[in-house]
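Below is one structure; the comments refer to it alone.
The values are calculated or read from the model by the stated rules, or taken from the named source; none is laboratory data. What you see is a predicted model, and the numbers here were worked out from it, not measured in a lab. Glycine also receives a Cβ, built like all others from the backbone with ideal geometry; neighbour counts cover every protein chain displayed.
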Amino acid sequence: MSEYLEDRRKLLAATAGAGAVAAAATAVPFVASLTPSSRAQAAGAPVEADVSKLAAGEMMTVEWRGKPVWILRRTPEMLAALEGHEQRLADPASAEKQQPGYAANRHRSINPEFLVVIGICTHLGCSPSEKFAPGAAQGMREDWPGGFLCPCHGSIFDLAGRVYLSQPAPTNLEVPPYQWLSEAVVRIGDDGSGDSA
C-alpha cells in the first residue's frame, strides 16, 4: 500500500511539474505580446540629424513620431527679419506652450541659427509651404519678411514659426524637445531632461 501511495505522489509531482512548465511556456509569449513591438518603439524613439551639409537659407525634413520636423538654417538676414513685424504676431514672445522653455524666445530655438519645428499647421494639421524670400517674389505681400504659408486655409508663420494675428491657426508651430549632441548633430525627441520623449 505504501508503494502505491509513493507511486501516486511521484505521478502527482510529475503532473504538477509538467503543468507548471506548460503554463510558463504559454505565459511567456502572452506577456511578450503585451510589450510594444520594435517598430512601435522606433516610431516614438528620438532621431538624430546631421546638419553639417545644410547651407544657410536651406531647410531639411526628418521624421519623428510620424511627423515632419523641419530644421531651417537661418541666414543673418532671416534672423534680422524676426524683429520687424512682432506687432503683427499673435504670440511674439512664445508665451503659449508650443515649445520647451529653452525655445521660448524670439528665435524659438537653442541656437538662433537653427530653427527646429514640427512642420504641421496648428489649425487642421496641414503642412505649410516654404515662402522664405522676402517681398512679393513668391506671391506674398510686398512687406512679407519671409516664413511659411499653409495653403489649405491661408495661415502664415514667420521664420521662427510664430503665427500672425487673425489667422485660422490658433498657435505657433510646435517646437519638439531636442538637444545638440555636437555642432553638427541634433537629437530630436530628447532634450536630456528625462521627460521629453
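Is it true that residue 96 is farther than 18 Å from residue 189 by Cβ and modelled with pLDDT of 90 or more?
Numbers: farther than 18 Å from residue 189 by Cβ: yes; modelled with pLDDT of 90 or more: no.
So residue 96 fails the test.
Output the residue which, of all residues in region 154-172 that are assigned to a strand (DSSP E or B) and β-branched (Val, Ile, Thr), is nearest to residue 89 (Cα to Cα). Break it down stepwise before answering.
Step one: filter region 154-172 for residues assigned to a strand (DSSP E or B), giving 156-158, 163-164.
Narrowing the set further to residues that are β-branched (Val, Ile, Thr) leaves 156, 163.
On the way: 156: 10, 163: 6 Å.
The selected residue is 163.
For residue 175, state whether it is in a loop (DSSP other than H, G, I, E, B), assigned by TED's automatic domain parsing to the domain that holds residue 48, within 17 Å of residue 67 (Cα to Cα) and in contact with a helix residue (DSSP H, G or I) (Cβ under 9 Å, 6 or more places away or on another chain).
On the way: in a loop (DSSP other than H, G, I, E, B): yes; assigned by TED's automatic domain parsing to the domain that holds residue 48: yes; within 17 Å of residue 67 (Cα to Cα): yes; in contact with a helix residue (DSSP H, G or I) (Cβ under 9 Å, 6 or more places away or on another chain): yes.
Yes, satisfied.
Identify all residues within region 50-85 that are loosely packed, with under 14 Cβ neighbours inside 10 Å and under 24 Å from residue 170 (Cα atoms); write none if there are none.
The answer is 61, 63, 66, 68, 83, 84.
Quick grid of which residues meet (1) surrounded by fewer than 22 Cβ atoms within 10 Å (Cβ to Cβ); (2) within 17 Å of residue 73 (Cβ to Cβ):
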site: 131; (1), (2): yes, yes
site: 146; (1), (2): no, yes
site: 155; (1), (2): no, no
site: 158; (1), (2): no, yes
site: 161; (1), (2): no, yes
site: 166; (1), (2): yes, no
site: 177; (1), (2): yes, no
site: 186; (1), (2): no, yes
site: 192; (1), (2): yes, no
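Looking at residue 61 and the list (1) among the hydroxyl-bearing types (Ser, Thr, Tyr); (2) farther than 28 Å from residue 135 by Cα; (3) part of a strand (DSSP E or B), which single condition is not satisfied?
(2)
Could you tell me whether region 149-167 includes any residue that is on the phi > 0 side of the Ramachandran plot, of a type in the set (Ser, Thr, Tyr) and at pLDDT 90 or above? Give the derivation first.
Step one: list which residues in region 149-167 are on the phi > 0 side of the Ramachandran plot, which gives 154, 161, 166.
Going one step further and asking which of them are of a type in the set (Ser, Thr, Tyr), we end up with 166.
Within this subset, residues satisfying the condition of being at pLDDT 90 or above are 166.
Looking through region 149-167, at least one residue is on the phi > 0 side of the Ramachandran plot, of a type in the set (Ser, Thr, Tyr) and at pLDDT 90 or above.
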